[in-house]
1. If you take the residues in region 246-295 that are assigned to a loop (DSSP other than H, G, I, E, B) and touching a Pro at 6+ places or on another chain (Cβ under 7 Å), which one is most open to solvent (accessible area, probe 1.4 Å)?
2. Among what's in region 296-309 and is β-branched (Val, Ile, Thr) and exposed (fewer than 14 other Cβ atoms within 10 Å of the Cβ), pick the residue that is modelled with the highest pLDDT.
3. Scan region 51-66 and tell me whether some residue there is assigned to a loop (DSSP other than H, G, I, E, B), without any contact (Cβ under 8 Å) to a residue 24 or more places away in the chain and under 21 Å from the mean Cα position of the chain (by Cα).
4. Going by the structure shown, is Gln196 polar (S, T, N, Q), surrounded by fewer than 21 Cβ atoms within 10 Å (Cβ to Cβ) and within 16 Å of ligand 2 (Cβ to nearest atom)?
5. If you check every pair at least six apart or on different chains, which have Cβ atoms under 6 Å apart with a residue in region 81-99 that is touching a residue at least 40 places away in the same chain (Cβ under 8 Å) first and a residue that is of a type in the set (Asp, Glu) second?
6. Which one of these is crowded, with 19+ Cβ neighbours inside 10 Å and in a helix (DSSP H, G or I): Ala9, Ala43?
7. Just checking, does region 75-94 include any residue being open to solvent by less than 30 Å² (accessible area, probe 1.4 Å) and within 15 Å of ligand 1 (Cβ to nearest atom)?
8. Against the condition modelled with pLDDT of 95 or more and under 16 Å from His145 (Cα atoms), how does Ser230 come out, does it pass?
Amino acid sequence: MTLSPDQIATFHRQGYLVVDDVLDAGLLARIETEYADLLHDLATGWGLPWQGFFPTLHAAHLAGHDWFQPMDISLPGDRIRPDTPFHAGPAVFDLLTSPALLDIAESLLGPELTSTPIQHVRIKPPARDLAPDEARAHVTGTSWHQDRAVAHAEADATDMVTVWVAMTDATPENGCLVVQPFEGAQDMLPHCPLSQTAIPADHLRPGAAHPLPVRRGGVVLLHPMVPHASLDNRTDGFRWSFDLRYQKTGQPTGRAHFPEFIARSQSAPEGELRDWQVWRDSWIDARAACALRDHIPIHRWTSDSPLCA
Ligand SMILES: O=C(O)CCC(=O)C(=O)O
Ligand SMILES: [Fe+2]
């Protein structure tokens, strides 16, 4: 799905764009099946009966199992071990390389597209079931930030877009995204390493937060400089999304210790990655390399700024 000139202009003016009905039902179903198979195996290991995807995930969560990292499509920002689990399967690879998403990314970035390794799944349980100290932005609400700010500074000039994919309807009740729309040029704001890396409230415009509900199969596009957060999930169900990122090939991703790949190339199509197992193996290799070296912080912010007191 190509973006119209109006949509492209709106994206640059606001810093975000909601696009409905992007992904076809077949791909969504294959992703669900892949995640159900994954959770089925995890549940077997934990001695939990299979009750269907969300009920089993709920039971695993209440029983205190670490279900998030084995389901994520990236390695963690903290210490990586030789056996840190993650998920890289064929249906997720089909999502990363889906023509529908690449056409959107090409509309904004041109025809030489790299899939960046800054990508996650977020399957968020009801907030009432979270531990009081749960801080992970992949499990609970996400604090205000700019995506530019949570990559390394070497990528500050990279042409990049975040593509946030709704696997379930996202609503203000279940924890959809909220943005602070651009009002002219947007600087990088300070971020503080609080329980999450977050923009201090006095650097945000009061009352500017704008919720972005989107139906299953739709996407939200975020400019790397747009401040955004997500709401708490105040429903009884799970809120499921993926956030993926595409950029112009040849620029730094801002997370060089994780693997990127060429998702589309007009000039050299033979360089496009087409084999999901090669993609999975690139993450396995990155894990082995990271496990052997000192931990690499995933962003630049430290708590000694006066703003963070
Ligand atoms: O889904 C969320 O909670 C936050 C997502 C986000 O910050 C992003 O996609 O960049
Ligand atoms: Fe973000």
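1. Narrowing region 246-295 to residues assigned to a loop (DSSP other than H, G, I, E, B): 249-260, 266-268, 272-275, 293-295.
Checking the rest, the ones that are also touching a Pro at 6+ places or on another chain (Cβ under 7 Å) come to 253, 255, 258-260, 266.
Numbers: Thr253: 12, Arg255: 13, Phe258: 8, Pro259: 24, Glu260: 89, Gln266: 131 Å².
Across region 246-295, the extreme among qualifying residues is Gln266.
2. Quick first cut of region 296-309, residues β-branched (Val, Ile, Thr) only: 296, 298, 302.
Now narrow it down to the ones that are exposed (fewer than 14 other Cβ atoms within 10 Å of the Cβ): 296, 302.
Details: Ile296: 85, Thr302: 80.
The extreme case among them is Ile296.
3. Yes - at least one qualifying residue is present in region 51-66.
4. In short, yes.
5. Pairs that qualify, where the first residue is touching a residue at least 40 places away in the same chain (Cβ under 8 Å) and the partner is of a type in the set (Asp, Glu), are Phe86/Asp72; Gly89/Glu34; Ala91/Glu34.
6. Details: Ala9 fails: crowded, with 19+ Cβ neighbours inside 10 Å.
Result of the check over Ala9, Ala43: Ala43.
7. No, there is no match, as no residue in region 75-94 is open to solvent by less than 30 Å² (accessible area, probe 1.4 Å) and within 15 Å of ligand 1 (Cβ to nearest atom).
8. yes
The values are calculated or read from the model by the stated rules, or taken from the named source; none is laboratory data. Computed from a predicted structure; not experimentally measured. Because the Cβ atoms are built from the backbone with ideal geometry, glycine has one as well, and the counts that use them run over all protein chains shown. Heads up: the accessible areas ignore ligands, DNA and RNA and are worked out on the full protein's heavy atoms, side chains in. Shrake-Rupley method; radii C 1.70, N 1.55, O 1.52, S 1.80 Å.
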